[in-house]
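Below: one structure, written as structure tokens.
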Amino acid sequence: QVQLVESGGGLVQAGGSLRLSCAASGTIFSINAMGWYRQAPGNQRELVARINGGGGTNYGDSVKARFTISRDNAKNTVYLQMNSLKPADTAVYSCSGDIMTREAGPTYRYWGQGTQCTVSS
């Protein structure tokens, strides 16, 4: 069993910052890419940021230069630092992990339960 648990969401004013964390636990052999996605009411889920096992990153166009993704491999944790937040960033943010649970086994994408981030104007 693998679990991803997010924390750090909440309510913030426009221009403010939030830092999200997502810790993976359970039967984990290795974690490749980890990422953050978001979904606002009435919208499709969209990529916010991803970081691969080597530390390479990519970001959604709307968050570039404002958000930073990082990871601590020793803690199986991925972070998302969100600065200069806008009301349009309001959404449920979910983390993902591409995880192998045994050596030479398949890699599956696991998801956290999501955390609400609300930016007021």
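Among the residues of the stretch 86-98, is any in contact with an Asp or Glu (Cβ under 8 Å, 6 or more places away or on another chain), in contact (Cβ under 8 Å) with a residue 12 or more places away in the chain, among the charged types (D, E, K, R) and assigned to a strand (DSSP E or B)? No, because not a single residue in the stretch 86-98 is in contact with an Asp or Glu (Cβ under 8 Å, 6 or more places away or on another chain), in contact (Cβ under 8 Å) with a residue 12 or more places away in the chain, among the charged types (D, E, K, R) and assigned to a strand (DSSP E or B).
The residues of the stretch 71-121 that are among the β-branched types (Val, Ile, Thr) and closer than 17 Å to Ala33 by Cα, listed by number, are Thr77, Val78, Ile99, Thr101, Thr107. Within the stretch 36-47, no residue that is touching a residue at least 40 places away in the same chain (Cβ under 8 Å) and farther than 13 Å from Trp111 by Cβ sits with its Cβ atom under 6 Å from a residue that is open to solvent by less than 30 Å² (accessible area, probe 1.4 Å) and outside any strand (DSSP E or B) at 6+ positions apart or across chains.
Each row is one residue, and each column tells you yes or no for (1) among the polar types (S, T, N, Q); (2) farther than 19 Å from Val5 by Cα; (3) surrounded by fewer than 14 Cβ atoms within 10 Å (Cβ to Cβ); (4) over 15 Å from the mean Cα position of the chain (by Cα).
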position	(1), (2), (3), (4)
Asn43	yes, yes, yes, yes
Val48	no, no, no, no
Arg66	no, yes, no, no
Leu80	no, no, no, no
Val92	no, no, no, no
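Taken over the stretch 24-41, the criterion of being under 22 Å from Gly9 (Cα atoms) and either buried (at least 18 other Cβ atoms within 10 Å of the Cβ) or among the acidic types (Asp, Glu) (or both) is satisfied by Ala24, Ala33, Met34, Gly35, Trp36, Tyr37, Arg38.
Among the residues making up the stretch 94-109, those that are open to solvent by less than 70 Å² (accessible area, probe 1.4 Å) and either out of contact with any Cys (no Cβ under 9 Å at 6 or more places or on another chain) or under 19 Å from Gly55 (Cα atoms) (or both) are Cys95, Ser96, Gly97, Asp98, Ile99, Met100, Thr101, Gly105, Pro106.
Scanning the stretch 68-78 for residues that are over 9 Å from Ser21 (Cβ atoms) and in a strand (DSSP E or B), which turns out nearest to the chain's Cα centre (by Cα)? The selected residue is Ile69. Look through the stretch 110-121, keep the residues that are open to solvent by 60 Å² or more (accessible area, probe 1.4 Å) and not aromatic (Phe, Trp, Tyr), and return whichever of them is farthest from Leu18 (Cα to Cα). Per the stated criteria, the residue is Gln113. Pairing each residue of the stretch 49-74 that is farther than 19 Å from Thr107 by Cα with any residue that is open to solvent by less than 30 Å² (accessible area, probe 1.4 Å) and among the aromatic types (Phe, Trp, Tyr), provided the two are 6+ apart or on different chains, yields C-beta distances under 7 Å for Ala49/Trp36; Ala49/Phe67; Tyr59/Phe67; Ile69/Trp36.
The values are calculated or read from the model by the stated rules, or taken from the named source; none is laboratory data. Keep in mind it's a predicted model, so treat the numbers as computed, not measured. As a convention, Cβ positions derive from the backbone with ideal geometry for all residues, glycine included, and neighbour counts pool all protein chains shown. Calculation scope for accessible area: heavy atoms of the full protein, side chains included, ligands and nucleic acids excluded. Shrake-Rupley method; radii C 1.70, N 1.55, O 1.52, S 1.80 Å.
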